[in-house]
Every structure is written in structure tokens, then in C-alpha cells.
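Novice: The following block contains the structure, expressed as C-alpha cells.
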Amino acid sequence: MQHPIKLISSILMLFLLISSSLVISLPFVYGAGGTVISNAVELTTGKTSETWTSGTDYYKINLIAGQTLSLNVDLISGTDINLYLLDPDSTDSVEVELASSVNGDGIDENIQFTASKSGYYIVKLTGNKWSGLGTYDLNV
């Protein structure tokens with residue numbers, strides 16, 4: 001008979017192995033943006049995919065003065081998300097809007113912007129999902 005501590009250790013190791021396998025096998029879930037400017041999620045170039053329900057998400061992206069930023073939100077019908085770019089000096093209580101794209105339901109949103117100063121610019125998404133899955137891609 002195996003010593004109780006060795007048996008518990010073996011069971012725990014088997015559990016961790018099984019748990020790790022389950023976590024790895026789960027589909028990747030994309031994280032949402034921050035709920036306010038102060039906890040905005042940092043973006044780099046590339047694509048962020050999410051499922052939209054409603055409300056507002058905040059992201060931040062570090063730009064150098066003179067750098068051009070291209071933002072695109074690919075939408076599907078039944079989802080209306082508006083896209084805003086805010087100044088780095090924006091706070092949770094004071095938003096300084098630099099650019100926006102406010103199209104209708106299911107129409108992609110786009111912003112082209114050249115940074116006038118270096119800093120973390122804020123990307124704000126706000127809107128509603130009327131029907132469908134509500135999936136979208138934010139391309140930077």
C-alpha cells in the first residue's frame with residue numbers, strides 16, 4: 001500500500017495535469033477593454049476580437065509625435081459600435097475627443113489620425129448590440 005502523503009501527492013499531480021489539459025483545450029476568450037480611462041487595456045498593432053453586448057470599452061495605445069494611427073472596427077449587422085480617439089490628457093472625468101467615427105448599425109468604423117504629441121492615446125468604443133452574435137474586430 002502506498003503511503004498516504006505520496007498517494008495524495010500523486011492524485012494532486014494527476015488533477016493538475018488534467019486541469020492544465022482542460023484549460024489548454026478551452027477556446028480562447030478575448031478580453032474586454034477597460035471600463036474607464038484609468039484602467040484602459042493597452043493595445044499594440046494587430047487585431048483584437050471581442051463580443052459586444054453594450055456599454056463602453058476603453059483601450060490605450062502609445063504613439064510618438066508624428067506617428068499615424070489607423071483604427072478600424074469591423075462590425076456585423078445587428079451591432080452598432082461608435083469609435084472615438086481621445087487625447088492622452090483625458091481622464092475618467094474629462095474626455096478630450098480628437099476624432100470619431102459614428103456610423104449606423106453594422107457599418108464599419110474608421111479613424112485615421114496623426115499624433116501631435118507623444119503619449120498614450122485613448123480608444124473608446126461605445127454602442128449596442130441589437131441582434132446576432134455581436135462579434136467585432138478592432139484593427140490597429
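The values are calculated or read from the model by the stated rules, or taken from the named source; none is laboratory data. Treat the numbers as computed from the prediction; the structure is a model and nothing was measured. Methodologically, a virtual Cβ is constructed for each residue, glycine included, from the backbone with ideal geometry; neighbour enumeration extends over all protein chains shown. When the accessible area is computed, the model is the full protein with side chains, heavy atoms only, and any ligands, DNA or RNA have been set aside. Shrake-Rupley method; radii C 1.70, N 1.55, O 1.52, S 1.80 Å.
Novice: Quick one: Ala99 ticks every box in (1) of a type outside the set (Ser, Thr, Tyr); (2) in contact (Cβ under 8 Å) with a residue 24 or more places away in the chain; (3) open to solvent by less than 60 Å² (accessible area, probe 1.4 Å) bar one, so which box is it?
Specialist: Of everything listed in (1) of a type outside the set (Ser, Thr, Tyr); (2) in contact (Cβ under 8 Å) with a residue 24 or more places away in the chain; (3) open to solvent by less than 60 Å² (accessible area, probe 1.4 Å), Ala99 misses just condition (2).
Novice: Moving on. Considering only residues that are touching a Phe, Trp or Tyr at 6+ places or on another chain (Cβ under 6 Å) and crowded, with 17+ Cβ neighbours inside 10 Å, which ones fall in the range 57-72?
Specialist: Across the range 57-72, the qualifying residues are Lys60, Ile61, Leu63, Leu69.
Novice: With the structure loaded, tell me whether Ser54 is modelled with pLDDT of 75 or more and crowded, with 17+ Cβ neighbours inside 10 Å or whether it fails that test. Don't jump to the end; show me each part of the working.
Specialist: Details: modelled with pLDDT of 75 or more: yes; crowded, with 17+ Cβ neighbours inside 10 Å: no.
So Ser54 does not fit the description; no.
Novice: So, one more: Restricting attention to the range 36-60, and to residues there that are in a loop (DSSP other than H, G, I, E, B), among the hydrophobic types (A, V, I, L, M, F, W, C) and closer than 21 Å to Asn128 by Cβ, which single residue is farthest from the chain's Cα centre (by Cα)?
Specialist: Our first condition is that a residue be in a loop (DSSP other than H, G, I, E, B); within the range 36-60, this holds for 36, 40, 43-46, 52-53.
Subset that is among the hydrophobic types (A, V, I, L, M, F, W, C): 36, 40, 43, 52.
Filter again for closer than 21 Å to Asn128 by Cβ, leaving 36, 40, 52.
On the way: Val36: 13, Ala40: 9, Trp52: 10 Å.
Looking at the filtered set, the residue picked out is Val36.
Novice: Which residue is most open to solvent (accessible area, probe 1.4 Å), if the candidates are limited to the range 115-128 and must be in a strand (DSSP E or B) and at pLDDT 95 or above?
Specialist: Taking the candidates together, the pick is Tyr120.
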